[in-house]
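Trainee: Have a look at this one before I ask anything.
The values are calculated or read from the model by the stated rules, or taken from the named source; none is laboratory data. Keep in mind that this is a model prediction, so the values were computed, not measured. For neighbour counting, all protein chains shown are included, and Cβ atoms are generated from backbone atoms with ideal geometry for every residue, glycine included. To get the accessible areas, we keep the full protein, side chains included, count just its heavy atoms, and leave off ligands, DNA and RNA. Shrake-Rupley method; radii C 1.70, N 1.55, O 1.52, S 1.80 Å.
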Amino acid sequence: MKPSSEIRPGPAAYSNSQVIGLFLPYLRPYVVRITVALLCLVIAKIANVGVPLVMKRIVDGLDAAHAPLMVPLALLAAYGALRISTTLFTELREVLFVKVTQRATRAVMLQVFRHLHEMSLRFHLQRQTGRLTRDIERGQRGITTLIDFTLFSILPTLVEVTLVLSVLFYSYDWTFMAITVGALVVYLTHTILVTEWRTNMRRRMNEFDSQASARATDSLLNYETVKYFGNERWEEAHYDENLLLWEKAAIRNQTALSVLNLGQSAIIAVAVTLMMWRATVGVVNGTMTIGDLVLVNALMIQLYIPLNLLGFVYREIRQSLADMERLFTLNEMKVEIADAPEALPLRVDHGEIRFENVSFHYEASRPILENVSFCVGAGKTVAVVGPSGAGKSTLARLLFRFYDVTEGAVAIDGQDIRSVTQESLRAAIGIVPQDTVLFNDTLEYNIGYGRTSAAHEEIETVARMAQLEDFIARLPEGYATQVGERGLKLSGGEKQRVAIARTLLKRPQILIFDEATSSLDSRSERQIQVAIRDIAREHTTLIIAHRLSTIVDADEILVLEHGRIVERGRHMSLLAAKGLYARMWRLQQAEQRAEREVGKL
């Protein structure tokens, strides 16, 4: 059995120029700062190239036949000043630009984070958390690398190459410049070709790395399930399969890197040797001085050290662009559920909910709801029951606008929810979901999440309403108790009571309880039901229920089967009809009697 693969959005399809084009807008607010930083860069490189020029004059000036002793001393002072200037303007450039790097990175990451929250529930049900977080982490590193290496390595090297070629062109015969230019062309051609080859390997490494991360994260999140079925070795085997693919790709990548480094070193060695040969011949022939020999040697060392680094920088930039591809692909994905351009805030006057001929499907071949119509009057309570898979929870998701209806409309106080802003819609609705997931933080944080500005006294009030007060009082750390990842330190019933409390804290006009008491014991369920009935009197309430005993007081009960409403009415009238609801009631009553009999043994 193979693990199922995630349904992912299409592969990254941006070219390097497109990735850069998507990133440039984040740098525009800092044009002045970037300009000043680049000016410092140019000054630093001019000072750096000036160092060997002064060194030549010093060497030649040491010959008493050419200059008095004061000349070398003055040149030594100039030499020191140029050295200090190089460091000064380089560090000034760093100080000026660090804000640009950090602010741009922060802006991109915040935009991606915001965009992921705007994506539909469909996207988040299909994603793999480990893969997604790894893509984001690599993209963030890629942004920093791209900025730093492009502006602090590529541009300085280009400036330095230009200055060195100018000195060689104006000071010596054409062969010096020809050797330098020829070496540069061969070096860059070799670097680009091999790096392009390695980029494909890098993409494969990233893919296998993401797969391994996704597999590990998924397995650890489902720790209890792995243990229940004793599948530790099976999980290890499949994780190792992903690691093996990554290992092979990494080995090929390193081999290609060695080929690249060897070629670059050979090209530089040949070029420097040829330059020194020409300079030596010039000294022997008397056309050049010892200072010229020193100058050429210093210029070549000064040029090829950053040029050698340029190969590494180019590789890193290409890899960074590959890493950023996925990040911007995520950021540019179409938002499935978006506000209409003319969307207005929802006005809740009474809180009436109306489903009008609603049909919905995730896939065309699998209808979930068909022609569903009902109304939840202001301040009324409507319950929805039915077999598993009937489409009950889908009603809540449509009302919350996690999905848009395929046909028909959902309205609140006469306003189609597709015509109002999602923020105002969701602010008006409080939902207690069937599967409660908590943040890895304290009880107080998780309850307070319903309204982050709430005071501690308000949190205590809703905790009492949700029957949490006694439970919290027994905890050594009380409200400061950590609940663990996804709330795993709490029982199912405790998590649901936390969910009820934070929903009450939100103070919504409309309440949805989606199997809100399914994980509670009978005593806790009765206590919660009292609280729910009290709360429901002041709210428009939709209850999606499995246990029919929890909704006998509802103003109307809808019975769903295969996505259609097959029965509707109050509890007693539905029992009298002797249809599906009556059969479900009898079955649940029989189950409860059996449980009580077992409890007496």
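Trainee: Once you place label points 7 Å from the Cα toward the Cβ at THR133 and ALA178, how far apart are they in nm?
Mentor: Inter-label distance under the simple model: 6.1 nm.
Trainee: Considering all alpha-carbon pairs of region 295-408, what whole percent are spaced by more than 17 angstrom? Can you show the working numbers first?
Mentor: Numbers: 4741 of 6441 pairs.
Tail of P(r) above 17 Å: 74 percent of Cα pairs.
Trainee: Sticking with this one: Accessible area per residue of the chain at 1.4 Å probe, in Å²? Display every interim value, and only then the final one.
Mentor: Values: 30780 Å² over 601 residues.
Per residue, the chain has an accessible area of 51 Å².
Trainee: Compute the distance in nm between two label points, each set 7 Å from the Cα along the Cα-to-Cβ direction, one at ASP553 and one at LEU575.
Mentor: The modelled label-to-label distance comes out at 1.6 nm.
Trainee: Further question: Using a 1.4 angstrom probe on heavy atoms only, work out the carbon and sulfur share of the accessible area of the chain in %. Before the final figure, lay out the partial values.
Mentor: Values: 18040 of 30780 Å².
Ligands and nucleic acids excluded, carbon and sulfur reach 59 percent.
Trainee: Provide, for q = 0.11, 0.13 Å⁻¹, the log10 of I(q)/I(0) from a solvent-free Debye sum over equal Cα point scatterers in region 93-245.
Mentor: At q = 0.11, 0.13 Å⁻¹ the computed log10 ratios are -0.72, -0.88.
Trainee: Express in whole angstrom the spacing between the alpha-carbon centres of region 570-586 and region 142-197.
Mentor: 84
Trainee: Here's a follow-up. How long are the semi-axes of the equivalent ellipsoid of the chain, defined as square roots of 5 times the Cα gyration tensor eigenvalues? Whole Å, largest first. Mind showing how you got there, number by number?
Mentor: On the way: eigenvalues 1021, 126, 102 Å².
Output for the chain: semi-axes of 71, 25, 23 Å.
Trainee: Averaging sequence separations of C-alpha pairs under 8 Å and six or more residues apart, then dividing by the length of the chain, give the relative contact order as a whole percent. Please report the intermediate quantities before stating the final value.
Mentor: Values: 799 pairs, mean separation 85.0, N = 601.
Over the chain, the number comes to 14 percent.
Trainee: Shape of region 336-459 from its Cα gyration tensor (a ≥ b ≥ c, root eigenvalues): rounded if a/c is under 1.5, otherwise prolate when a/b > b/c, or oblate? Could the numbers behind the result be given before it?
Mentor: Numbers: a/c = 1.75, a/b = 1.41, b/c = 1.24.
Note, shape of region 336-459 comes out prolate.
Trainee: Please list the equivalent ellipsoid semi-axes of region 442-482, computed as the square roots of five times the alpha-carbon gyration tensor eigenvalues, in descending order and whole angstrom. Intermediate values should be presented prior to the final figure.
Mentor: Values: eigenvalues 50, 28, 11 Å².
Semi-axes, largest first: 16, 12, 7 Å.
Trainee: Can you give me the distance in nm between label points at LEU39 and GLU196, each placed 7 Å from the Cα along the Cα-to-Cβ direction?
Mentor: Placing both labels 7 Å beyond Cα along the Cβ direction yields 3.9 nm.
Trainee: How would you order 249-258, 494-503 from highest to lowest mean count of nearby Cβ atoms within 10 Å?
Mentor: Details: 249-258: 14.9, 494-503: 26.0.
Result, highest mean first: 494-503, 249-258.
Trainee: Going by average Cβ neighbours within 10 Å, how do the peptides 159-166, 19-26 rank, with the highest at the top? Numbers along the way, then the final one.
Mentor: Numbers: 159-166: 17.1, 19-26: 15.5.
Ranked by mean Cβ neighbours within 10 Å, highest first: 159-166, 19-26.
Trainee: Rounded to a whole number, what is D in µm²/s for region 157-214 from Stokes-Einstein with the Kirkwood radius over alpha-carbon pairs (37 °C, 0.692 mPa s)? Write out the running numbers ahead of the final one.
Mentor: Details: Rh = 14.2 Å.
Diffusion coefficient, whole number: 231 µm²/s.
Trainee: Taking region 299-341, how much of its Cα-Cα pair set, in percent, is spaced more than 13 angstrom apart? Don't skip to the answer; put the middle values down first.
Mentor: Working: 625 of 903 pairs.
Percentage above 13 Å: 69.
Trainee: If the chain between VAL437 and THR87 were fully stretched, how many nm would it gain, using 0.36 nm times the residue separation less the Cα-Cα distance? Working shown, then result.
Mentor: Numbers: separation 350, 0.36 × 350 = 126.00 nm, distance 5.37 nm.
Length gained between VAL437 and THR87: 120.6 nm.
Trainee: Quick one: what are the phi-derived ³J(HN,Hα) couplings along region 143-154, Karplus 6.51/-1.76/1.60 with θ = phi - 60°, whole Hz, x for glycine and proline?
Mentor: With coefficients 6.51, -1.76 and 1.60, one gets 4, 4, 4, 4, 5, 4, 6, 5, 8, 10, 10, 5 Hz.
Trainee: Hey, what do the phi angles of region 91-102 turn into as Karplus ³J(HN,Hα) couplings, whole Hz, using 6.51/-1.76/1.60 and θ = phi - 60°, x for Gly and Pro?
Mentor: 5, 5, 4, 4, 4, 5, 8, 4, 5, 4, 4, 5
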